[in-house]
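What follows is calculated from the coordinates using simple rules that are stated; it is not laboratory data. Because the structure is a prediction, the values reported are computed rather than measured.
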Amino acid sequence: MMPSILVVEDEPAILELIKVNLVDAGYEVKAAEDAETAHEALKQELPDLVLLDWMLPGQSGLALARQLRGDARTRELPIIMVTARSEEGDRVAGLEAWVDDYVTKPFSPRELKARIKAVLRRRAPEAAQEPLQAGPLKLDPLTHRVTVAGRAVTLGPTEFRLLRFLLARPERVHSRTQLLDHVWGDHVYIEERTIDVHIRRLRLALAPFGADALIETVRGSGYRLALPPSV
């Protein structure tokens, strides 16, 4: 599953340049030309990151960023602000809105991709397209391969996403609701007990390799991926 980015940009030429480069880098890109359209897109589905132009028709990008940070559903959404402004006061204002990073026009596609990768690595590590590992258990999102001590593990697509999310946040306990929102998406409505079914399938796939014990049940709280003692 490709990491998704919502690009909020009203200049068609810049939007097309960004889309071409991000798609080439392996991202799924959705576009919005103003804050209102962006709000509608976010209601449907949350992306992994928002690339937000400061100067938009109607509501500004900065105002939109502040709204997103004030909403519990979008509070943790990674945001990179793109702007032609470079004054120190503007930069501080953007950061005060809890924007994760700030890119000034004109920028190179290479710089933009590096900034996106850095923010995802920090805020949404399962979307950063980098290998994840816990002891002998390794997941490579680019090749879509999971191995234990070099031996291939066969997983279904849902179990792969579930393991990827847990590996990106080792030792942290996640409730069923959190797993549903982050692995299935908050736009999908399924029973919380569905998580238990996929956890069981994940453990069964890891069991022949002795790695099923890494997926722990925390009674009354949810699940976590435990790091081996040697890590």
## Note on the structure
Projected onto their principal axes, the Cα atoms of segment 126-231 stretch, largest extent first, over whole-Å spans of 36, 29, 22
### Task
For LYS30, list the lysines whose Cα falls under 21 Å from its own Cα; do not include residues on the same chain fewer than 8 positions away.
LYS19, LYS43, LYS105, LYS113, LYS117
### Query
In degrees between 0 and 90, to the nearest 10, how far off the longest principal axis of the chain does helix 35-44 point, with axes built from Cα atoms?
20 degrees
### Task
Apply the Kirkwood formula to the chain: the hydrodynamic radius equals the inverse of the mean of 1/r over all pairs of different alpha-carbon atoms; give it in Å with one decimal.
18.9 Å
#### Entry: Three semi-axes of the equivalent ellipsoid, segment 94-174, Cα gyration tensor, whole Å, largest first
30, 15, 10
